[in-house]
Every structure is written in C-alpha cells, then in structure tokens.
Amino acid sequence: MDNIAFLIYSFSSLFAIVSPVGGVITFVSLTSDVTREEKNALATKSVILACIIALFFAVTGEIILNFFGVSIDALRVAGGILLFTVAFDMILAKVSRESITDTEINKSQDRSDIWIFPIGLPLLTGPGTITTVIVLMGSAASILQNMAVLFAIMLTFLITLILFRFSRRVYKFLGHTGMLVFTRLMGLLLAAMAVNLIALGIWNIYTSFQ
C-alpha cells in the first residue's frame, strides 16, 4: 500500500504542477490560427519534448544535486517556496509567472517552433515541474517507488497530450470560467503540497544538526 500511496501522491503532485487543464487555455490561444492537423502535431511534439525533459531530470536529478552540493531537503524548501508562488498564481486564476508570461505568449504568436518554446518549455516543464520531479525521486524509498515516479510522469503527460489534442473541444465544453475554477482547485492542492514540502525540508535540516 505504501507504493500505491506513493504513486498516487506522485501523480497528484505532477498533475497539479503541470496543470494540463489550465495549460489548455494558453495552448488554445497559441494555436488559434492553425489548422486542426497542425495543432495536433504541435501538441504531440510539445508534450513528448516536455516528457523527455521531465524524465531526464528524474534520472539525473540526484547527480546534479550532488555535483552542486545541494541536499534534497534544501531543494524541498526552495522548491516548496517556488511551488507556493505558482499555486498562488493558480488560485488567482493567473498564468503562472514561473511558467510563461503574457509578453512571451504575445511574442510567440508568429513563431513556428512554439512547440519547443513556450509550450514544451517552460509551460509544461518549467522550474516547478523539474523541482517536483527531482524531489519525488529523492523521496523514493525503493526501486518500485522510483518506477512509480517515472510512471506518474508518463501518465501525466499522456493525459496532457489527450487534453491538448482535444483542446478546442475541452475549452468549448468546460468554458473559460469552468477551466479557471479547475485551475483554482489545483492551485489550492498545490499550495498544500508546497507547505508540506517546506515543513518537511526544514524539519529534516533541523534534525540533521541535532
């Protein structure tokens, strides 16, 4: 049951920070002038890129932390603060400044590589997502839990791909208001997770000096 609970926790954490439903709003605005086939191609490429980036940091995150001499608990505190700022923007139904700014959205309208920037990075895999992935892998107590994190990453981006490919229908079905309500709920969940990360990181740092 511990492994199942960890899988659920990993998936809920990643789903909240990636926020694919909220991302649909930005994705629709960026792809409003392209055909359905072009939109689907952009969705596929951007989500695959984002998933690869997340998997890369999941596998190499511990090595990177060791190289810079950063502990997982220090990352929990710093990441928790970052995630809380993201969650605060989500609760206010604003586009997170951690992911993408309004200026970047406007400047991306006429670019052909928007699947790389800003959709793949940083909309889907911004600093918050990367931090969450590394913290989850650092929290895993067994190989099964490591695999659970990798599975949660792929499941999150599979759902993201489905939502992005049907983004126009999702947007029409839920409406702008409905999507903002969902984003606020995800923001509240993410804020609670962020507080938990900060508290756990501070406690572990404190006990390490005892």
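Read-outs throughout are calculated quantities, based only on the coordinates presented, and are distinct from any laboratory measurement. Being a predicted model, the structure only gives us computed values, none of them experimental. Heads up, the Cβs are rebuilt from the backbone with ideal geometry, glycines too, and the neighbour counts pull from every protein chain shown.
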(message) Sort 73, 2 by Cβ crowding within 10 Å, fewest neighbours at the top.
(response) 2, 73
(request) First check a/c for region 117-210, with a ≥ b ≥ c the square roots of the eigenvalues of its C-alpha gyration tensor; if it is under 1.5, answer rounded, and if not, answer prolate when a/b is larger than b/c or oblate otherwise. (result) prolate
(request) Take 34, 21 and order them by how many other Cβ atoms sit within 10 Å, fewest up front. (result) 34, 21
(request) Could you tell me the distance between the Cα centroids of region 131-210 and region 20-72, to the nearest Å? (result) 13 Å
(message) From the helices alone, meaning DSSP H stretches of at least four residues, give me the mean residue ellipticity at 222 nm for the chain, per-run term -39500 (n - 2.57), in deg cm²/dmol to the nearest 500.
(response) -27000 deg cm²/dmol
(message) Please list, in order along region 64-81, the HN-Hα scalar couplings obtained from phi with the Karplus expression 6.51 cos²θ - 1.76 cosθ + 1.60 (θ = phi - 60°), rounded to whole Hz, x for Gly and Pro.
(response) 5, 4, 5, 4, 8, x, 9, 7, 5, 6, 5, 5, 4, 5, 5, x, x, 5
(message) Which three extents, in angstrom, do the Cα atoms of the chain have along their principal axes, listed largest first?
(response) 60, 35, 30
(message) Defining a contact as two alpha carbons under 8 Å apart and six or more residues distant in sequence, what relative contact order in percent does the chain show?
(response) 46 percent
